[in-house]
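Peer 1: Input: one structure, supplied below.
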């Protein structure tokens, strides 16, 4: 038996002004995307924005449906739209912002497991690390790659040796 550790690395910022300009703009796009959220059941509105390798930004927001679980998270909405509208372009970064009734939480909103898995697949497909920016009004967390928020990624495409 061996005891091991899993280390999660990320940077924390106190305000948008501390972010690099391109990350600040992406986070502002996620905040803007939250305004298009349709969440009449949970009242929890989330916006996401994906920056592609050519600088294009694609926004998405969570969309609920009475026939639950037919809705979709903001992160997957943005990533699926980016992949459909700009096939072949790597997703360099995704920013996420959310809160109840179109507010933004003080602490960052974290993506669900399904969204993390989709992030991991797009990252693997492109071969380019995808950074993740989680925005809260009092704290911003920036992860350099999906493995930092999803250790032990499931990958059915991985070949066995």
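Peer 1: Of the conditions (1) within 19 Å of residue 142 (Cβ to Cβ); (2) free of Cβ contacts under 8 Å to residues at least 24 places away in the same chain, residue 78 fails just one. Which one is it?
Peer 2: (2)
Peer 1: Among the residues of the range 87-120, write down those that are part of a loop (DSSP other than H, G, I, E, B) and closer than 23 Å to residue 37 by Cα.
Peer 2: Answer for the range 87-120, where residues must be part of a loop (DSSP other than H, G, I, E, B) and closer than 23 Å to residue 37 by Cα: 101, 102, 103, 104, 105, 106, 107, 108, 109, 110, 111, 112.
Peer 1: Considering the range 121-130 alone, what residues qualify as being under 16 Å from residue 48 (Cα atoms) and either in a helix (DSSP H, G or I) or out of contact with any helix residue (DSSP H, G or I) (no Cβ under 8 Å at 6 or more places or on another chain) (or both)?
Peer 2: 122
Peer 1: Going residue by residue through the range 76-83, is there one that turns out to be modelled with pLDDT of 95 or more, surrounded by 12 or more Cβ atoms within 10 Å (Cβ to Cβ) and in a loop (DSSP other than H, G, I, E, B)? Break it down stepwise before answering.
Peer 2: To start, the set of residues in the range 76-83 that are modelled with pLDDT of 95 or more comprises 76-83.
Adding the requirement that they be surrounded by 12 or more Cβ atoms within 10 Å (Cβ to Cβ) leaves 76-83.
Next cut, in a loop (DSSP other than H, G, I, E, B) only: none.
Within the range 76-83, none of the residues are modelled with pLDDT of 95 or more, surrounded by 12 or more Cβ atoms within 10 Å (Cβ to Cβ) and in a loop (DSSP other than H, G, I, E, B).
Peer 1: Within the range 65-74, does at least one residue satisfy the condition of being modelled with pLDDT of 95 or more and within 24 Å of residue 13 (Cβ to Cβ)?
Peer 2: Yes, some residue in the range 65-74 is modelled with pLDDT of 95 or more and within 24 Å of residue 13 (Cβ to Cβ).
The values are calculated or read from the model by the stated rules, or taken from the named source; none is laboratory data. Since we're looking at a predicted model, the values are computed, not measured. Cβ sites come from the backbone with ideal geometry, for glycine too, and all protein chains shown count toward neighbours.
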